[in-house]
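**Q** Below you will find the structure I want to go over with you.
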Amino acid sequence: MIDQISTIRIKSGSSSQTIWRILVDAHTLIYLSQGNLTLFNIAFFFNQIVYPKVLQIPSYALILCRGGDTKPSLSVINCTFNSFQSDSNKSVYYIGVSLIYKIQLHDCNFTGIGPEVDQNLTMLFIQGIDEVLIDNCSFANISTLADSGAVYITDFDVINKSVITVQNTSFIDITVNNNDNFSPLHIVALKQTTAYVIGNTFMNCYNKDTNSGALYILENPYEDNYNRKLLNNDEVKGNLFIVNNNSFRNTTGIISGGIFLLSNTQFSSYSFKYNNFSSCNKLNKYKYGQDCELYFFNASEDWTVNYTMKIMADMFEGCRSNAKQDSVDFQIYHNGSFDFGGQLQLPRLYIEWWQNKYAIIGIAFGAVAVIALIIIVIILVVIWIRKKRKTYIRMGRRNSFNDGLGQYLST
């Protein structure tokens, strides 16, 4: 437990990671409530004790941070987080943080036990933090039943404003099966949040119980409180979402395979530029919105049909998709009622052969077949040469015998 106003750095003493696990029943492995903590080059594990009963330890989280007035900070660098199969019905966390000033994750790997086995595990839970930075990390190989999904970030309880950055990070082989509509990356923004989701990879994420197969952005879900501020003439500032240069490959959700946005405000700004969508799928029968589905429940009155189409084209500038239908779908509501909807067809994404697994498999089989054919030809040539050589030897022996017999008869 770290409960003092100080800066503490815990680092592995060698080039290889130091393994941390707990051997007795406890709520958490590390608890931070004050100060600034940096963890470097450590491998964290859940453990299991079997006597007097089977327990997964720690019972709640590997790292737990709960601040308040003191606003601690947490930095985790080059660390790994690992789990094992457990029959517990209680949700656990790799990292759970709330009401702290800053969290930074660099070069960290969060791994489950595989997408075939359900776990009650949330890899990362973040609530009420002023600054969030997730850089060059990996979240992979999990099928989760946890209440908060795989990675959950919200600015709930932030007093002023929040900045969320998720960049150069991969979300691979993630399935969320909790029936609570959480996607692999789930962001909830209440007020004056700036979110950068840039340069990430979402791949092989299948989510039959959530609206999006990869990224879910829920903006100002508490519509009544928001409208009450407007009626009281309080200053209300919107959010800013920059979701650019990401790759969505083979992701599946109910309404959209790639991105789902639900907004209750008319003051925010959005950018979904230069994203690539490949083999994104949706499970409902509505044929549009295979890559992105956007709901604007409190759109500005300026958003007419023609103006909205122009806005959407600008939002998705530079995006590519291999979808056959209009893969971006949007719905506009004015004064609480549905007004109109529309679609946007993204330019064609041409997949290079090395990005197509079927092409790679075909090339591999073709290469094996060519090699096998070459080997067979070589074997046949060797057999033919040997047969020819034996024939020449026999003919040579016969000619020598005939020459000798002729010489004998002539004497």
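The values are calculated or read from the model by the stated rules, or taken from the named source; none is laboratory data. Bear in mind the structure is a predicted one, so any value in this text is a computation, not a measurement. We place every Cβ from the backbone using ideal geometry, glycine too, and count neighbours over all the protein chains shown. These accessible areas exclude ligands, DNA and RNA; they are computed on the full protein's heavy atoms, side chains included. Shrake-Rupley method; radii C 1.70, N 1.55, O 1.52, S 1.80 Å.
**Q** Sorting 69, 173 by accessible area (1.4 Å probe), largest first, what list results?
**A** 69, 173
**Q** Which FRET efficiency, nearest 0.05, do residue 385 and residue 70 yield, Cβ-Cβ r, R0 51 Å?
**A** For R0 = 51 Å, the calculated efficiency reads 0.05.
**Q** Tell me the carbon and sulfur percent of the accessible area for the range 7-355, rounded to whole percent, probe radius 1.4 Å.
**A** Here it works out to 47 percent.
**Q** Suppose the chain between residue 324 and residue 49 were pulled fully straight at 0.36 nm per residue; how much longer would it get relative to their current alpha carbon spacing? Could you put the intermediate results ahead of the total?
**A** Working: separation 275, 0.36 × 275 = 99.00 nm, distance 5.25 nm.
That works out to 93.8 nm of additional length.
**Q** Might you work out the accessible area of residue 137 for me, using a 1.4 Å probe with all protein chains in place, and round it to the nearest 10 Å²?
**A** 10
**Q** Going down the list 282/310; 90/191; 90/161; 208/273, which pairs span over 29 Å between their C-alpha atoms?
**A** Flagged as over cut-off: 90/191; 90/161.
**Q** Could you compute how fast the range 7-355 diffuses translationally, taking Rh as the Kirkwood radius over C-alpha pairs and applying Stokes-Einstein at 10 °C with viscosity 1.306 mPa s? Give it in µm² per second.
**A** 76
**Q** Turning to a different aspect of this structure: Stretched out fully, how many nm does the piece from residue 309 to residue 337 gain, at 0.36 nm a residue minus the Cα gap?
**A** 8.2 nm
**Q** Taking the full set of protein chains and a 1.4 angstrom probe, give the accessible area of residue 84 in square angstrom, rounded to the nearest 10.
**A** Spelled out: residue 84, probe radius 1.4 Å, area about 50 Å².
**Q** Using Cα pairs under 8 angstrom and six or more residues apart, how large is the relative contact order of the range 7-355, in percent?
**A** It rounds to 9 percent for the range 7-355.
**Q** Quick one: ranking 346, 218 by accessible area, 1.4 Å probe, largest first, what do you get?
**A** 218, 346
**Q** Provide the percentage of antiparallel DSSP beta bridges, counting only those with both residues in the range 7-355; round to the nearest 5.
**A** Here the share of antiparallel DSSP bridges comes out near 10 percent.
**Q** Something else about it: Would you kindly state how much longer the chain becomes between residue 302 and residue 117 on full extension, computed as 0.36 nm times their sequence separation minus their alpha carbon distance, in nm to one decimal?
**A** That pair, residue 302 and residue 117, stretches by 61.7 nm at full extension.
**Q** Ordered by residue, what ³J(HN,Hα) values in Hz, to whole numbers, does the range 163-177 give under the Karplus form 6.51 cos²θ - 1.76 cosθ + 1.60, where θ = phi - 60° and Gly and Pro are x?
**A** Values per residue, Gly and Pro as x: 10, 10, 10, 10, 9, 6, 10, 10, 10, 10, 6, 10, 10, 10, 10 Hz.
**Q** Which value, in debye to the nearest 20, gives the size of the charge dipole of the range 7-355 about its Cα centre, when Lys and Arg are +1 and Asp and Glu are -1 at the Cβ? List each step's numbers first, then the result.
**A** Values: 23 positive and 30 negative charges, 128 e Å.
For the range 7-355, the charge dipole is close to 620 debye.
**Q** Let me ask something additional. If R₀ is 56 angstrom, what is the calculated FRET efficiency for the pair residue 273 and residue 374, using the beta carbon separation as r and rounding to 0.05?
**A** 0.70
**Q** To continue, here is another question. Quick one: how many Å² of residue 386 are accessible to a 1.4 Å probe, rounded to 10?
**A** 150
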